[in-house]
Amino acid sequence: MNKISIAFAAGLLVAAVTPAFAVDEPLNVIKYRQNVMKSIGAHTGAIAGVVKGEVSFAGDVEAHARSINAMSMLLGHLFPKGTDNAAFQETRALPAIWEEMGKFDAAMKGLQQESAKLIDVAQGGDMAAIGAQLENLGKACGGCHKPYRAEKQ
Amino acid sequence: MAGTGRCFAILAVAVSLAAGLWAISPRPAAAQASAQPDVGLTAGEAVARGASVFHAAGCTACHTDKKNNGQPLAGGRALVTPFGTFYTPNITPDRDTGIGNWSVVDLARALHEGLSPAGENYYPAFPYTSYTGMTDQDVGDLWAYLMAQPPVSKVNRPHELPLPFRFRALLGVWKGLFFSAGRFAPDPGRAATWNRGAYLVEVLGHCGECHTPRGVLGEMEWDKRLAGTAKGPDGKKVPNITPHPKDGIGKWTESDITYFLKTGFYPDGDFAGGAMVEVIEDGTSFLDDSDRSAIATYLRDLPPIAGP
């Protein structure tokens, strides 16, 4: 085999394989988005364990809050058009997101702000204040989940 | 249309039962009406107590049309059911369009017996099947609270119901079959916390109205009490809240339940969306910690049921 035919064969191989691994395909974005969301939920659940008094790791709250805040900064690019639940049953993201992008952006900013505040409050170490701010964070979560996420079926 | 056959079947059942039940079903309204409840030492105290009754009973969720920026308690929210679309009424104390002319006895009759001041039957979309258990004290306090709210002038929108459901007369039959008026009776063999939880879950909170599956006539299926349904309000799935380990909330700790009812956070850190978030925001988040604990105690003691 000469070099040209090797290159040609390699080209064919790439062409054949590429669609299955297409970068940023809607389903891949949906899966990635769900992993980011689950990580936010996991950190929130961990803080709730501290607030409920189930565990004594109050010193960890700041780290969890920082993680939530960092993840909240990623959300902006995780909702490309065509990743709604009308197109894919794998997601519960409602088409209303793309009809009301301005409102949706504002709701996402809400999470960024409330998680930033939670970092500050966590540094203070006052458990009652942490609990109250976690509730504010929850309201920010609900600010998107209520209007823009379908219920579990 | 698929629903038509069922409608006729239901009508046929209803009519055939009507003859037999008509004689025994309608109870003289006055005989069942409550005595004037004790309104308390001062009106202010009754209003304050009424606020917690109001939150536990979750009145706001149905009687405020939040989706369309409706005024608080002025009604108009659409409730889509298999029997048609109901529009909730105005329960502000506006004298012309709300309940401003209602006496405390009128409110008691509505809650305890499902009857309007004029003696008409209410559709059970209004959960008097649960509220019938309310104590007279709670009804009196709720009345005081409602009358202290700002009146809003908003005319009630008529329900949009297909035949035969628009015949209110059939409701007498339905009530004869599926409704029995009666105050909540605490179980003397149980702790006060358990009984308080039972009252909050079964009566004020009317949790079963969504979380219990319904039969073809819209009646609750008591053998599957609080076990969830695939066909809840607006055709949505409603979760099983019995302590079944797999299908229900058997793995939730008491603090998982109380924290969820206070904040909306699930034990896994997800945050409630959908109808439950309204129940939490307008209702259970306002309760005392002791009441949320009572709810958790009662729910965790229910018989675990699989499904839906």
Residue-normalised accessible area of the stretch B:43-178, given per residue in Å² at a 1.4 Å probe: 42
Rounded if a/c under 1.5, otherwise prolate or oblate - the stretch B:105-230, Cα gyration tensor axes: oblate
Filtered GluC sites (Glu not before Pro), the stretch A:43-132: DSSP coil and at most 10 other beta carbons within 10 Å: none
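Evaluate the charge dipole of the stretch B:111-269 about its Cα centre and quote only its size in Debye, nearest 20, assuming +1 on the Cβ of each Lys and Arg and -1 on the Cβ of each Asp and Glu. Intermediate values should be presented prior to the final figure.
On the way: 17 positive and 17 negative charges, 76 e Å.
Dipole about the Cα centre, nearest 20: 360 debye.
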Pairwise FRET efficiency - B:Ala181 versus B:Asp223, Cβ, R0 = 25 Å, nearest 0.05: 0.70
Nonlocal amide H pairs with B:Phe271, under 5 Å, H built at 1.01 Å: B:Tyr266
Distant-in-sequence amide H partners of B:Thr229 (H built 1.01 Å from N, under 5 Å): B:Val238
Proximal charge balance of B:Phe86 [Cβ under 10 Å; K/R count +1, D/E count -1]: +1
Residues A:Ala128 and A:Leu74, FRET efficiency given R0 of 45 Å [Cβ-Cβ distance, rounded to 0.05]: 0.90
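From the helices alone, meaning DSSP H stretches of at least four residues, give me the mean residue ellipticity at 222 nm for chain A, per-run term -39500 (n - 2.57), in deg cm²/dmol to the nearest 500.
On the way: 6 runs with 103 residues, N = 153.
Here the helix-only value at 222 nm equals -22500 deg cm²/dmol.
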Whole-Hz couplings from phi, Karplus 6.51/-1.76/1.60, listed for the stretch B:110-126; x for Gly and Pro: 5, 6, 7, 10, x, 10, 6, x, 7, x, 7, 6, 8, 6, x, 4, 7
Unsatisfied cross-links (Cα-Cα over 32 Å) in the set A:Lys117/B:Lys246; A:Lys38/A:Lys81; A:Lys81/A:Lys152: A:Lys117/B:Lys246
Other-chain or far-sequence residues with amide H under 5 Å of B:Asp94's (modelled H): B:Ile99, B:Gly100, B:Val152
Karplus-derived HN-Hα couplings along the stretch A:38-48 (A = 6.51, B = -1.76, C = 1.60, θ = phi - 60°), whole Hz, x at Gly and Pro: 5, 5, 4, x, 5, 5, 5, x, 5, 5, 4
Charge tally in the Cβ shell below 15 Å around B:Ala198, where Lys, Arg are +1 and Asp, Glu are -1, B:Ala198 excluded: +1
Estimated buried accessible area (total), pair B and A, 1.4 Å, Å² to nearest 100: 1600
Among B:Leu163, B:Val105, B:Phe184 - extreme Cα towards positive end, dipole of the stretch B:90-207, charges at beta-carbon: B:Leu163
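Which value, in debye to the nearest 20, gives the size of the charge dipole of the stretch B:53-162 about its Cα centre, when Lys and Arg are +1 and Asp and Glu are -1 at the Cβ? If you can, show how the numbers build up before the last one.
Working: 7 positive and 10 negative charges, 83 e Å.
Approximately 400 debye in magnitude.
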³J(HN,Hα) computed for each position of the stretch A:73-83 - Karplus, 6.51 cos²θ - 1.76 cosθ + 1.60, integer Hz, glycine/proline x: 6, 8, 4, x, 9, 9, 10, x, 3, x, 10
Helical contribution to [θ] at 222 nm, DSSP H n ≥ 4, -39,500 (n - 2.57), averaged over chain B, rounded to 500: -11500 deg cm²/dmol
Overall form of chain B per C-alpha gyration tensor (a/c, 1.5; a/b vs b/c): rounded
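Are there any GluC sites (Glu not before Pro) in the stretch B:108-169 that are in a DSSP loop and have at most 15 other Cβ atoms within 10 Å? List them by number.
Working: sites: B:Glu113, B:Glu120, B:Glu160; in loops: B:Glu120.
Filter output for the stretch B:108-169: B:Glu120.
The values are calculated or read from the model by the stated rules, or taken from the named source; none is laboratory data. These figures come from a predicted structure and were not determined experimentally. Using ideal geometry, Cβ is built from the backbone for each residue, glycine included, and neighbour counts are taken over all protein chains shown. Remember, those area values only see protein heavy atoms, side chains included, never the ligands or the DNA or RNA. Shrake-Rupley method; radii C 1.70, N 1.55, O 1.52, S 1.80 Å.
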